[in-house]
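Enquirer: Got a structure for you, written out below as structure tokens; questions coming shortly.
The values are calculated or read from the model by the stated rules, or taken from the named source; none is laboratory data. The structure displayed is predicted, hence computed values, not measured ones. Glycine gets a Cβ as well: all are built from the backbone with ideal geometry, and neighbour counts include every protein chain shown. These area figures cover heavy atoms from the full protein model, side chains too; ligands, DNA and RNA do not enter into them. Shrake-Rupley method; radii C 1.70, N 1.55, O 1.52, S 1.80 Å.
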Amino acid sequence: MSSIRPENMERITTPELAEKFIEEQVAEIKAQVGDKKVLLALSGGVDSSVVAAILIKAIGKQLVCVHVNHGLMRKNESENVIEVFRNQLDANLIYVDATDRFLDLLAGVSEPERKRKIIGKEFIEVFADEARKLEGVEFLAQGTIYPDILESIKAAEGKKAVKSHHNVGGLPEDLNFELVEPIKLLFKDEVRVVGEALGLPHGMVYRQPFPGPGLGVRCLGAITRDRLAALREADAILREEFANNGLAEKVWQYFIVVPDIKSVGVKDESRYEGWPAIIRAVNTKDAMSATIEEIPYAVLHKVTDRITHEVEGINRVLYDLTPKPIGTIEWE
Ligand code: XMP
């Protein structure tokens, strides 16, 4: 398959077209891979999940999925990947809890781009360590989608990026795999239609985008385990309340940011210093610019009440009203 989408390629908008696409890919993968093993870094995002499900259909246990928990996942996210892929789809899944490796390396590092680089580099190392333990792997599957290809073309033309969004570089030279990229000509909406046709859970297929460095770029400045834990709990409450109030699929991206500052509060008639939790909820088409979702006050009150009562260490909740530009979507 070439890396350029033919102009006359039909958009995948229906389950029937998705089925046809899946069948074609299954046949192509079988022909490409034969009886060899394929390795895949499975984050649980829609792209890698769809690639995993297509490959499971094509080659079953010849696919080896590696899920690296970098300790910066959202609440229950790794557990969910294990539940869907290992328990429901019977995938060959290796789960690596690398939390300590990542958090130890990130300790004291406050500069956002350095945090990103450390996370990206360590991710490669953890993944490569797992790959070296395996025998008979000749292929690497990737959840590359068409916008990634377009972005690389732009990058090659020398356009300057505001942030280094590319999460992972190439693998070390001793790991020389042939690539399998079944969704590289698809746009995101098409990937979702294919994901539904594959029977993946709706919540996984329509999951909001989540950056590769995860909560690492939302726990601002130098990450500490206690502030990261507070961020994770507060974020889970925000997501739960968005789901309860019909906002989960209406709003493009929504999350909590916890900066490294404390303010004075009062709890049980005593001074209570805590971090603020900042709500970010934006709508966009392509993440290049974004507008603010007008969250109903009742939802804001509920979220504030729950976070300040349920999350240890947080004593205020703020709502960020800044569009992109001038702000970026993430704070780092
Ligand atoms: P910004 O903050 O640049 O974000 O307005 C635009 C979109 O990109 C996501 N984002 C990232 N995604 N690795 C990623 O995979 C990153 O380092 C990264 N930084 C930002 C962000 O969540 C938003 O959807």
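Enquirer: Among residues belonging to the stretch 271-280 that are open to solvent by less than 60 Å² (accessible area, probe 1.4 Å) and of a type outside the set (V, I, T), point out the one that is nearest to L321 (Cα to Cα).
Expert: R280
Enquirer: Also, I was wondering about something else. Any idea which of (1) assigned to a loop (DSSP other than H, G, I, E, B); (2) open to solvent by less than 40 Å² (accessible area, probe 1.4 Å); (3) touching a strand residue (DSSP E or B) at 6+ places or on another chain (Cβ under 8 Å); (4) not β-branched (V, I, T) is the one A230 doesn't satisfy?
Expert: Status for A230: all satisfied but (1).
Enquirer: Here's a follow-up. Of everything in the stretch 238-267, what is touching a residue at least 60 places away in the same chain (Cβ under 8 Å) and either in a strand (DSSP E or B) or open to solvent by less than 10 Å² (accessible area, probe 1.4 Å) (or both)? Give them in sequence order.
Expert: L238, E241, Q253, V257
Enquirer: I've got another one for you. Quick one: which residue in L179, L200 is surrounded by 15 or more Cβ atoms within 10 Å (Cβ to Cβ) and not in a helix (DSSP H, G or I)?
Expert: Of L179, L200, the one residue that is surrounded by 15 or more Cβ atoms within 10 Å (Cβ to Cβ) and not in a helix (DSSP H, G or I) is L200.
Enquirer: On to the next question. For the stretch 4-21, name all the residues that are modelled with pLDDT of 95 or more and open to solvent by less than 50 Å² (accessible area, probe 1.4 Å).
Expert: I12, T14, L17, A18, F21
Enquirer: Additional query: Taking into account only those residues within the stretch 287-332 that are within 11 Å of the ligand (Cβ to nearest atom) and not in a loop (DSSP other than H, G, I, E, B), which is least open to solvent (accessible area, probe 1.4 Å)?
Expert: Checked the stretch 287-332; the qualifying residue least open to solvent (accessible area, probe 1.4 Å) is A290.
Enquirer: Within the set of pairs 6 or more residues apart or between chains, which connect a residue that is at positive phi inside the stretch 31-58 to a residue that is open to solvent by 10 Å² or more (accessible area, probe 1.4 Å) with Cβ atoms less than 6 Å apart?
Expert: G44/E77
Enquirer: Sticking with this structure for a sec: Is it the case that the stretch 120-128 has a residue that's open to solvent by 50 Å² or more (accessible area, probe 1.4 Å), more than 16 Å from the ligand (Cβ to nearest atom) and touching an Asp or Glu at 6+ places or on another chain (Cβ under 8 Å)?
Expert: no
Enquirer: Going by the conditions given, is E24 outside any helix (DSSP H, G or I), of a type in the set (D, E) and open to solvent by 80 Å² or more (accessible area, probe 1.4 Å)?
Expert: no
Enquirer: Taking the criterion of being closer than 25 Å to D97 by Cβ, within 23 Å of the chain's Cα centre (by Cα) and within 15 Å of the ligand (Cβ to nearest atom), would at least one residue in the stretch 146-164 satisfy it?
Expert: So far as the stretch 146-164 goes, no, none of its residues is closer than 25 Å to D97 by Cβ, within 23 Å of the chain's Cα centre (by Cα) and within 15 Å of the ligand (Cβ to nearest atom).
Enquirer: Can you tell me which residue is most open to solvent (accessible area, probe 1.4 Å) among those in the stretch 129-167 that are within 24 Å of I29 (Cα to Cα) and in a loop (DSSP other than H, G, I, E, B)?
Expert: Ranking the qualifying residues of the stretch 129-167, first place goes to E135.
Enquirer: Further, regarding this structure: Given the structure, is T284 hydroxyl-bearing (S, T, Y) and either open to solvent by less than 40 Å² (accessible area, probe 1.4 Å) or in contact with a Leu (Cβ under 8 Å, 6 or more places away or on another chain) (or both)?
Expert: It is true that T284 is hydroxyl-bearing (S, T, Y) and either open to solvent by less than 40 Å² (accessible area, probe 1.4 Å) or in contact with a Leu (Cβ under 8 Å, 6 or more places away or on another chain) (or both).
Enquirer: Could you please find all residues in the stretch 135-145 being among the β-branched types (V, I, T) and within 16 Å of the ligand (Cβ to nearest atom)?
Expert: Answer for the stretch 135-145, where residues must be among the β-branched types (V, I, T) and within 16 Å of the ligand (Cβ to nearest atom): T144, I145.
Enquirer: Which of the numbered conditions does S78 fail, given that it passes all the others? Conditions: (1) within 16 Å of the ligand (Cβ to nearest atom); (2) assigned to a helix (DSSP H, G or I); (3) of a type in the set (S, T, Y).
Expert: S78 satisfies all of (1) within 16 Å of the ligand (Cβ to nearest atom); (2) assigned to a helix (DSSP H, G or I); (3) of a type in the set (S, T, Y) except (1).
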